[in-house]
Amino acid sequence: MAVVPPPGGFRGPVKRSVTIAGHQTSISLEPAFWEALEAAAAERALPLNALVAAIDHARIQTDDPPNLASALRTWLFCHQQREI
């Protein structure tokens with residue numbers, strides 16, 4: 001079985017700043033995840049910061065919260081699975 005790189009190739013994480021509850025924080029995600037996060041925010045007519053804040057709020061309610069980048073990737077993966 002041959003594995004083909006994704007369009008644009010494999011790319012490492014890109015660090016961006018977002019504001020959550022009035023505080024800036026930097027998050028490192030691969031460009032594909034940033035694009036999916038922006039699309040999910042647009043679907044909900046939300047600013048990117050608002051969607052990240054909502055996911056962060058859900059994350060910190062769990063018994064053993066992962067880091068924010070992991071929570072965002074997991075949420076996006078599950079979101080994509082529901083759309084298929």
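The values are calculated or read from the model by the stated rules, or taken from the named source; none is laboratory data. None of the values given here were measured: they were computed from a predicted structure. Methodologically, a virtual Cβ is constructed for each residue, glycine included, from the backbone with ideal geometry; neighbour enumeration extends over all protein chains shown. Quick note on the areas: whole protein, heavy atoms, side chains included, nothing else; ligands and nucleic acids left out. Shrake-Rupley method; radii C 1.70, N 1.55, O 1.52, S 1.80 Å.
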Residues (under 12 Å from the mean Cα position of the chain (by Cα) and either hydrophobic (A, V, I, L, M, F, W, C) or outside any helix (DSSP H, G or I) (or both)) located in the range 27-44: Ile27, Ser28, Leu29, Glu30, Ala32, Phe33, Trp34, Ala36, Leu37, Ala39, Ala40, Ala41
Residue that is modelled with the lowest pLDDT [pool: residues in the range 59-79 that are among the polar types (S, T, N, Q) and outside any helix (DSSP H, G or I)]: Thr62
Answer residue from the range 59-84, given it is over 11 Å from the mean Cα position of the chain (by Cα) and in contact (Cβ under 8 Å) with a residue 12 or more places away in the chain and is farthest from Arg16 (Cα to Cα) among those: Gln80
Any chance Arg73 is of a type in the set (D, E, K, R) and loosely packed, with under 15 Cβ neighbours inside 10 Å: no
Neighbours by Cβ (under 8 Å, 6+ apart or cross-chain): first from the range 1-17, more than 15 Å from Glu35 (Cβ to Cβ); second open to solvent by 80 Å² or more (accessible area, probe 1.4 Å) and at pLDDT 90 or above: Ser17/Gln24
Test: Ala36 is without any contact (Cβ under 8 Å) to a residue 12 or more places away in the chain and in contact with a helix residue (DSSP H, G or I) (Cβ under 6 Å, 6 or more places away or on another chain): no
Residue tally, condition open to solvent by 90 Å² or more (accessible area, probe 1.4 Å), of a type in the set (D, E, K, R) and part of a strand (DSSP E or B), over the range 7-24: 1
